[in-house]
Amino acid sequence: MITALLVLVAFGSSAQSGYDLWLNYRPMEASVRATQFKAMMSHVYFAGSSPQLQAAREELTRAAKGMLKTAIVNTPADQAQLIIGNIDQIAKRGDILKLSKAERPTGDGFIIRSVTNKGRKAVVVTGGTDLGVLYGVFAFLRHVQTNKDLTNLQITEHPKMMHRILDHWDNPNRSVERGYAGFSIWNWHKLPGYTDPRYTDYARANASVGINGSVLNNVNANVIMLTPAYLAKAKALADVFRPYGIKVYLSIKFSSPIELGKLSTADPLDPQVRKWWKDKVDEIYSVIPDFGGFLVKANSEGQPGPQSYGRTHADGANMLGEALAPHHGIVMWRAFVYDNNVPDDRAKQAYSEFKPLDGKFNDNVIVQVKNGAIDFQPREPFHPLFGAMAKTPLMLEVQLTQEYLGFSTHLVYEAPLFKECLDADTYAKGKGATVAKVLEGTYQPGKLTGMAGVANIGTDLNWCGHPFAQANWYSFGRLAWDPGASAEAIADDWLRMTFTNDKRFIDPIKDHMMRSRENTVNYMTPLGLHHIMSADGHYGPGPWTDKMPRADWTAVYYHKADSLGIGFDRTATGSNAVAQYFPEVRDHFADLSTCPDIYLLWFHHLSWNYKMRSGKTLWDELVDHYYKGAAAVQGMQKVWNGMRPYVDATRYNEVKQLMAVQYDEAIRWRNSCVLYFQTFSKKPIGDQYSKPEHDLQYYRSLHYYNVPGLGTN
Ligand code: BDP
């Protein structure tokens, strides 16, 4: 009780808007660790003064001020207790840290080691590059923030992927496509003259989790991004990001040579078009010498592309690759494609278009593939392309912004979703060829590797709209750095850094975070259902959606419910999309005796009476999942209500309110879906469940006006 009161007092005095994210350097309580940390911060030696080391110094200064209420004190090397520099700088002082050649950090990797320096205990933070040092300093601070032992540090880390990139779907008018946290943080109007301090905080947060690239604008790109005026704005951002190791990239519109260059074609094999891109790229590099490259959405959802000229994706990507290659830029070419003709099964299209192009892309092109073959659904089996491109590097694209997961209103920790894809076995090289291994370049050594996350960041004070949505940004960075990391360990770190080290908070809340995605799948799209969100913005339920400009935008196209049953038959008797997987995976999904329940209706159309593993009928099981999902939100609310002693009032109340909305929404999802599917199954909702308050007509009549995220460019 007394502790609780003290904690309340401590939080009461420090306003917590959430703006600090996980770099929330709260005062440390008196402890051995605090004493050790203080000794280190009072004897710091920097072996260099590059912009990256300068950024590291500023971060340490911030941390010392917040956690210890002191400044850091610079000390000569022989008295230092915290020694910071790149490996060459440290090696020059051979007596401090002895490393064999194999032990030395390389590239942007780092080492944190406890050593003895002239008889005194010290810690060395060193990296293969100055950026590696900065990453090491952030990792060291994380160690302190999460209350880990500081006595015998032996940490070595190297990023497993080269390109760890946030994709902003931000438009020049500051609307954000699928953005649920306010406007775009890029204030294009005031750039380049005015650079908002937020840009630096954005860069710090990214660098702290190893993110090293930022695509500034929407994949549905506006050509003005390539005009001199906007390149100057992008340059201003690049200048702010550079010390933090973040390169800027731009999404481009394939028809730019026509719209900006006034050419009559954008045919990638046309010499004038090629010259236009080469000149444009040269111009970009004259403004931003370390520009990262292009992200391209082509021939998808109405965007122009090479196919408009009878050319292939490879022709288009390679033209851009050729222009970027002399400057070491890269092309991220998206495989999220579907054309104007509605296919029998949209899930098959990316594979059908890209598989024949395997091996045809230039070395500086990487194909960016969404985690699943439809579109960032609450749950999808992994995209078959991950096992299919033996000669083409692939980059994973996940969506941090919760377009299909309840926007910034629902608490959904997405790391388990990312992990489900990363850990999936493609069988491309026999058992154990996981998506993560494919992405890390295990089977194509030396080629490009990477992972992209569609950003969930906006002008909201807490950046992401929901205090817990920050965890999706955080975990994305950590998993792009190391796809082998566990979602639970990442949640643990994030909670400690963001809120408190108190186990009475960490344990129950981590548990709920870990279950949150499954809960949402249960009340939205259980058992492999997908794409049944309301058509206007994808927020609430819309299983009845049947009239849209294209059939594959409707819900009925995907769930195929009828009097006999429900589900999309993607086996040989249906669209046979399952054949796009390696035989082991194909058979696993195609065979009802092995297909996991979580993917059942993704691959199979089954009768309402189908006997599930649980012994229930499919109908009863479906109903049960919907009820379980909604009830779990209530369970989460109850636990949160007991957390006030450990959380500041602001964030406590924010989460409490959002959870109440989430619960209402979960009930609405549950009732809408159960009542709608009941019109086909004609079966009762079991007596053990509370009956929906209203009839189906009522739920169908509800309409969300002005849902956010429908930004226009
Ligand atoms: C869909 C979004 C749409 C995006 C598209 C994409 O609804 O706004 O433009 O993905 O990834 O999920 O290109």
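The values are calculated or read from the model by the stated rules, or taken from the named source; none is laboratory data. Predicted model only: the values in this text are computed from it and were never measured. Neighbour counts run over all protein chains shown; Cβ positions are idealised from the backbone, glycine included.
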- Task: Tell me which residues, restricted to region 332-355, are closer than 23 Å to residue 448 by Cβ and within 16 Å of the ligand (Cβ to nearest atom).
- Result: 332, 333, 334, 335, 336, 337, 350, 353, 354
- Task: Answer yes or no as to whether residue 279 is among the acidic types (Asp, Glu) and under 24 Å from residue 234 (Cα atoms).
- Result: yes
- Message: Quick check on residue 120: is it away from the ligand (no atom under 16 Å from the Cβ) and either at pLDDT 95 or above or farther than 21 Å from residue 36 by Cβ (or both)?
- Response: no
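Are any residues in region 534-560 hydroxyl-bearing (Ser, Thr, Tyr) and not in a helix (DSSP H, G or I), and if so, which ones? Give the derivation first.
Narrowing region 534-560 to residues hydroxyl-bearing (Ser, Thr, Tyr): 534, 539, 545, 554, 557-558.
Once the filter is applied, which keeps residues that are hydroxyl-bearing (Ser, Thr, Tyr) and not in a helix (DSSP H, G or I), region 534-560 yields 534, 539, 545, 554.
Any idea which of 614, 593, 563 is outside any helix (DSSP H, G or I), touching a residue at least 40 places away in the same chain (Cβ under 8 Å) and of a type outside the set (Asp, Glu)? Spell out how you get there, then give the answer.
Values: 614 fails: touching a residue at least 40 places away in the same chain (Cβ under 8 Å); 593 fails: touching a residue at least 40 places away in the same chain (Cβ under 8 Å).
Going through 614, 593, 563 in turn, just one is outside any helix (DSSP H, G or I), touching a residue at least 40 places away in the same chain (Cβ under 8 Å) and of a type outside the set (Asp, Glu): 563.
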- For region 262-279, indicate whether the set of residues that are without any contact (Cβ under 8 Å) to a residue 40 or more places away in the chain, acidic (Asp, Glu) and within 20 Å of residue 216 (Cβ to Cβ) is non-empty. no
- Task: Keeping to region 425-461, report how many residues are of a type outside the set (Asp, Glu) and over 17 Å from the mean Cα position of the chain (by Cα).
- Result: 21
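Could you grab me the full set of residues in region 678-713 that are among the aliphatic types (A, V, I, L, M) and within 16 Å of the ligand (Cβ to nearest atom)? Full working, then the answer.
Narrowing region 678-713 to residues among the aliphatic types (A, V, I, L, M): 685, 696, 702, 707, 710.
Hits for region 678-713 are 707, 710.
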- Item | Selection from region 141-157 of residues that are touching a residue at least 40 places away in the same chain (Cβ under 8 Å) and touching a strand residue (DSSP E or B) at 6+ places or on another chain (Cβ under 8 Å) | 150, 151, 153, 154, 155, 156, 157
- Tell me which residues, restricted to region 500-537, are at pLDDT below 95 and crowded, with 23+ Cβ neighbours inside 10 Å. none
- Message: Can you report the number of residues in region 82-114 which are surrounded by fewer than 19 Cβ atoms within 10 Å (Cβ to Cβ) and assigned to a loop (DSSP other than H, G, I, E, B)?
- Response: 9
- Note on the structure: Of the listed residues (341, 371), the one being closer than 30 Å to residue 554 by Cα and free of Cβ contacts under 8 Å to residues at least 40 places away in the same chain is 341
- Task: Return a yes/no flag: does region 290-309 have any residue that is away from the ligand (no atom under 16 Å from the Cβ) and free of Cβ contacts under 8 Å to residues at least 12 places away in the same chain.
- Result: no
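Determine if region 82-105 includes at least one residue that is under 29 Å from the mean Cα position of the chain (by Cα) and either in contact (Cβ under 8 Å) with a residue 12 or more places away in the chain or under 22 Å from residue 477 (Cβ atoms) (or both). Steps first, please.
So the first thing to find is which residues in region 82-105 are under 29 Å from the mean Cα position of the chain (by Cα), and the list is 105.
From what's left, either in contact (Cβ under 8 Å) with a residue 12 or more places away in the chain or under 22 Å from residue 477 (Cβ atoms) (or both): 105.
Yes, region 82-105 contains at least one residue that is under 29 Å from the mean Cα position of the chain (by Cα) and either in contact (Cβ under 8 Å) with a residue 12 or more places away in the chain or under 22 Å from residue 477 (Cβ atoms) (or both).
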- Message: It is to be established whether one or more residues within region 422-430 are within 16 Å of the ligand (Cβ to nearest atom) and in the same structural domain as residue 219 (by TED's automatic domain parsing).
- Response: no
- Message: Any residue that is charged (D, E, K, R), crowded, with 22+ Cβ neighbours inside 10 Å and part of a loop (DSSP other than H, G, I, E, B) - is there at least one of those in region 409-430?
- Response: yes
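Quick grid of which residues meet (1) within 16 Å of the ligand (Cβ to nearest atom); (2) touching a residue at least 60 places away in the same chain (Cβ under 8 Å); (3) closer than 30 Å to residue 433 by Cα:
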residue: 500; (1), (2), (3): no, yes, no
residue: 512; (1), (2), (3): no, yes, no
residue: 517; (1), (2), (3): no, yes, yes
residue: 524; (1), (2), (3): yes, yes, no
residue: 532; (1), (2), (3): yes, yes, no
residue: 538; (1), (2), (3): yes, yes, no
residue: 571; (1), (2), (3): no, no, yes
residue: 575; (1), (2), (3): no, yes, yes
residue: 585; (1), (2), (3): no, yes, yes
- Is there any pair with a first residue in region 214-226 that is free of Cβ contacts under 8 Å to residues at least 60 places away in the same chain and among the small types (Gly, Ala, Ser) and a second that is part of a helix (DSSP H, G or I) and within 12 Å of the ligand (Cβ to nearest atom) whose Cβ atoms are under 9 Å apart and which are 6 or more apart or on different chains, and what are they? none
- Query: Which one of the conditions (1) under 24 Å from residue 29 (Cα atoms); (2) surrounded by fewer than 17 Cβ atoms within 10 Å (Cβ to Cβ) does residue 154 fail to meet, given that it meets all the rest?
  - Reply: (1)
